[in-house]
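Chemist: Before I ask anything, let me first share the structure, which is written out below as structure tokens.
Bear in mind these aren't lab numbers, they're just calculated from the coordinates by the rules spelled out. What you are looking at is a predicted structure, and each value in this text was computed from that prediction instead of being measured. Using ideal geometry, Cβ is built from the backbone for each residue, glycine included, and neighbour counts are taken over all protein chains shown.
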Amino acid sequence: MKARFLFWRTLVAIGFAVLVPNAGHSADPSSTTPQPPYALLEGTNEFGFWAGGSPTSNVAIGRTPDTSLLLVGLRYGRVLKAWDSVSLQYTLDILPAAVVFQPSSVRRGGATIYGAGITPLGLKFNFGQQTWIKPFVAASVGFLYFTDDVPVPDSSHFNFTPEVGLGLQFFLAPKRAVTIGYKYFHISNAGTGNHNPGLDNNVIYAGFSFFTP
């Protein structure tokens, strides 16, 4: 029940932020006023890749212990709105590899379970328009499909993945950035399987992105 509530609350929050009209002064990309070289202007596209993992799971919303997680992602983003000090970005991640590692204490005989998926609903707030170091906060919702039931037997191959996170982007050049981040990554079938203990992981990741107008 908690996992289902978290999934719908995150989805509603993302939809609300996209649909509510933006207010305040925004940075117009067609303006003749010179913009800082590292500013993320409205309409800017981001293409990138990232990888990260969590050495073990924590028991909070999810109740599955001692489970490691590896994620590999491809990122697309587009700046929806930009102001003098912050920009709002839509994000989409394709996850070609999601690997769950479980010892015999969690699953009989232990297991390595492979999956893949997509995170199509994401928002990211980037701060520090004037500087080459940009802190950010982000939230998104997606899904993963695994080769076996995750996080426990008789749960589900298919799981939703709400997440929240924060991090830093270091712009080594005006259109190139290295990302270091953290995300609280929750895996849950939202009650669609016979069992739904959920899985929580603290994922540390790093990546590289380039930006185009």
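Chemist: Excluding residues fewer than 8 places away in the same chain, name every one of the aspartates and glutamates whose C-alpha is closer than 17 Å to that of LYS81.
Modeler: Within the straight-line limit of under 17 Å, LYS81 reaches these aspartates and glutamates: ASP28, GLU42, GLU46.
Chemist: How much FRET efficiency would the formula 1/(1 + (r/R0)^6) give for HIS157 and PHE210, where r is the Cβ-Cβ distance and R0 is 25 Å, rounded to 0.05?
Modeler: Step by step, r from the Cβ atoms, then E = 0.15.
Chemist: Could you list the square roots of 5 times each eigenvalue of the Cα gyration tensor of the range 162-213, that is, the equivalent ellipsoid semi-axes, sorted largest first and rounded to whole Å?
Modeler: 33, 12, 7
Chemist: Report the full-extension gain for the segment TRP132 to ILE61: residue separation times 0.36 nm, less the Cα-Cα distance, to one decimal in nm.
Modeler: 22.0 nm
Chemist: Let me ask something else about it. Between LYS81 and SER105, what length comes free when the chain is fully extended (0.36 nm per residue of separation minus the Cα-Cα distance, one decimal in nm)?
Modeler: Full extension from LYS81 to SER105 adds 3.8 nm.
Chemist: A follow-up question, please. How far, in nm, would the chain grow between LEU168 and ASP148 when pulled straight, counting 0.36 nm per residue and subtracting the alpha carbon separation?
Modeler: 3.8 nm
Chemist: Translational diffusion coefficient of the range 115-171 at 37 °C, 0.692 mPa s, Stokes-Einstein with Kirkwood Rh over Cα pairs, in µm²/s as a whole number.
Modeler: 248 µm²/s
Chemist: Same structure, new question: Dividing the convex hull volume of the Cα atoms of the range 79-166 by its residue count, what figure in Å³ per residue is obtained?
Modeler: So the per-residue Cα hull volume is 102 Å³.
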